[in-house]
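Written out below as structure tokens is the structure these notes cover.
The values are calculated or read from the model by the stated rules, or taken from the named source; none is laboratory data. If you're wondering where the values come from, they're calculated on a predicted model, not measured in any experiment. Note that we place each Cβ from the backbone using ideal geometry, even for glycine, and neighbour counts take in every protein chain shown. Each accessible area value is taken on the protein alone, full model and side chains, heavy atoms only, with ligands, DNA and RNA left out. Shrake-Rupley method; radii C 1.70, N 1.55, O 1.52, S 1.80 Å.
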Amino acid sequence: YISKRHIFEELLVEDYKNVELDFDKIDKLTESKNRRLKQHQKEGVKFLYTNRKCIIADEMGLGKTTTTIAAALMRDYQRVLIIVPASLKTRWKKEIELFIDPNEITIINGSEWGEIKRFTIINYDILQNFYTIPEEPMFKNEEVRDVNGNVIKTYRVPVLVKNKSTGQLVQKTQK
């Protein structure tokens, strides 16, 4: 659960174009595979490195996966959770293996989380096996007014809704 306060914080923390990063460290990890970061990927790494929240919206094939992995390594994150469609889990694993030892990567399948490693890859549809979003009952305030319209008392009452399957009134909840 993420509160609205965290979602609506300032997006750009600082200008990423002024950040100096040593990309040789990343390029050395992949030089034996003849892979180096392209200039637009370096810009993406700087953007991810500098900002707390962002979306990489490059077109397909431009290396968003590589950019994201490189940014996580540049930040030296020790735990990275990657949530993708099931069809992309092995693709992400192969990309990460270009940079680090395969023993630092785990792919989650089914209902067993397995060993926690530096990079953990899971697909959207099995997330519910490991986490449920907490819900709380909803209430509303009702006021009792005198003949002049002044509020005498305020009561906190539950918000009721009709259960679709039983037709009975139940208390509404919110995530």
Test: residue in the stretch 127-145 that is touching a strand residue (DSSP E or B) at 6+ places or on another chain (Cβ under 6 Å) and under 24 Å from residue 30 (Cα atoms):
no
Quick one: is residue 11 at pLDDT 85 or above and assigned to a loop (DSSP other than H, G, I, E, B)?
no
Restricting attention to the stretch 29-74, report how many residues are in a loop (DSSP other than H, G, I, E, B), surrounded by fewer than 16 Cβ atoms within 10 Å (Cβ to Cβ) and over 17 Å from the mean Cα position of the chain (by Cα).
8
Could you check, for the stretch 86-102, whether at least one of its residues is part of a loop (DSSP other than H, G, I, E, B), of a type in the set (Gly, Ala, Ser) and over 30 Å from residue 24 (Cβ atoms)?
no
Please work out which residue is surrounded by the most Cβ atoms within 10 Å (Cβ to Cβ), limiting yourself to the stretch 103-123 and to residues that are in a loop (DSSP other than H, G, I, E, B) and at pLDDT 90 or above.
108
What are the pairs with Cβ atoms under 9 angstrom where one residue, in the stretch 147-167, is under 19 Å from residue 136 (Cβ atoms) and the other, located anywhere, is in a loop (DSSP other than H, G, I, E, B) and open to solvent by 100 Å² or more (accessible area, probe 1.4 Å)? Sequence gap at least six, or different chains.
none
